[in-house]
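Derivation of every value follows stated rules applied to the coordinates shown; laboratory data play no part. All values derive from a computational prediction rather than experimental measurement. Cβ atoms come from the backbone with ideal geometry, glycine included; neighbour counts cover every protein chain shown.
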Amino acid sequence: MQPVIGITGRPKEILSAEMNVRSYAVFHMYTDSVLAAGGVPVMLIPTSPDFADAQLDRIDGLLMTGGGDIAPERYGQNRHESVTDVDHERDEFELALVKKVKERGMPTFAICRGLQMVNIAFGGSLVQDLPSHGSHGHDIIGDGAYDPHSIARIEPDSRIAGIIGEGDHGVNSIHHQAIEELGTGLRVVGSAADGTVEAIEATDPTWDLIAMQWHPEFLGMRDHSESHDLFVAFVEAAAKYRADQ
């Protein structure tokens, strides 16, 4: 049986009956990437942290998606004026998910906001606005999101290097925030030329975590083979996790 991949949904207001209704969404790039890699995608909607275990019981791997900013209060900072689209329900639920998947050793693929949430869950912090810190070129939007326009240098002896190789890789950048202080039990395995953290993983070898600041789900829509390889490796790890349970 194909492994089931839980994908974190993002809150979205949808017009219905001439009024905006709170809803949840997952971009097709995530589901298409999981399907192409051989997994079965399902959406995990933000609920009470009390239900985190019940949701995880039904999946074999967790894909943490991008989206709005995480509340800076969660890592002990005052809010910068650039912070937008904060959703406390999503923050609370995903913090619980991250801690529980680590306890389970469940394969986890964390992208952009997902990487940031992993870092915060283990005591790290974020640069709230990269342009204010003199860092540029990390907020490409529109059609440019589908093509590499930046470089991430991947460290040897990392999980990601084992999938796509060490050294320089072309990536995209759709973010205005990045890791500042690294969380406990994590290590940096990829960086941009200006030092911005592009990838992290867990120091605990029993937790199969790959986390990156760039968006392979966008790149993969343009036949970017390395992005497809990342999803394949994740789905294969989820299949092994399922078999071992």
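Specify which residue in the list TYR146, GLY195, MET106 is farthest towards the positive end of the charge dipole of the stretch 4-244, using unit charges on the beta carbon of Lys, Arg (+1) and Asp, Glu (-1), about the Cα centre.
In the stretch 4-244, that residue is MET106.
With the contact rule set at Cα under 8 Å and sequence spacing of 6 or more, what percent relative contact order holds for the stretch 4-244? Kindly include the intermediate steps, with their values, before the conclusion.
Numbers: 498 pairs, mean separation 50.8, N = 241.
Answer for the stretch 4-244 is 21 percent.
Show me the ranking of peptides 47-55, 116-124 by mean Cβ neighbours inside 10 Å, starting with the highest. Could you put the intermediate results ahead of the total?
Details: 47-55: 13.9, 116-124: 22.4.
Averaged packing, sorted descending, gives the order 116-124, 47-55.
Which listed residue (PHE51, TYR24, PHE122) has the Cα farthest towards the positive end of the charge dipole for the stretch 4-244, taking +1 on Lys and Arg C-beta and -1 on Asp and Glu C-beta about the Cα centre?
PHE51
How would you rank 149-159, 30-40, 61-71, highest first, on the average number of other Cβ atoms within 10 Å across their residues?
61-71, 30-40, 149-159
About the Cα centre of the chain, what is the dipole size in debye to 20, counting +1 per Lys and Arg Cβ and -1 per Asp and Glu Cβ, all else neutral?
480
Using alpha carbons only, what's the Rg to Rh ratio of the chain with Rh from Kirkwood? Write down the numbers at each step before the final one.
Values: Rg = 16.9 Å, Rh = 18.0 Å.
Rounded to two decimals, Rg/Rh equals 0.94.
What ratio of Cα Rg to 2.2 N^0.38 Å holds for the stretch 56-115?
1.22
With an 8 Å cut-off on Cα pairs and a minimum separation of 6 or more residues, tell me the relative contact order of the stretch 178-241 in percent. Each step should come with its number before you reach the end.
Numbers: 58 pairs, mean separation 12.6, N = 64.
That works out to 20 percent.
Work out how far the C-alpha atoms of the stretch 161-245 reach from end to end along every principal axis, then list the three figures in whole Å, largest first.
41, 35, 22
Note down the magnitude of the dipole of the stretch 200-245 about its Cα centre, charges +1 on Lys and Arg C-beta and -1 on Asp and Glu C-beta and zero elsewhere, to the nearest 20 debye.
Values: 3 positive and 9 negative charges, 25 e Å.
The calculation lands at about 120 debye.
Below 8 Å, C-alpha to C-alpha, sequence gap of six or more: please give me the relative contact order for the stretch 1-80 in percent. Present the calculation step by step, with values, prior to reporting the outcome.
Values: 98 pairs, mean separation 32.3, N = 80.
Here the relative contact order equals 40 percent.
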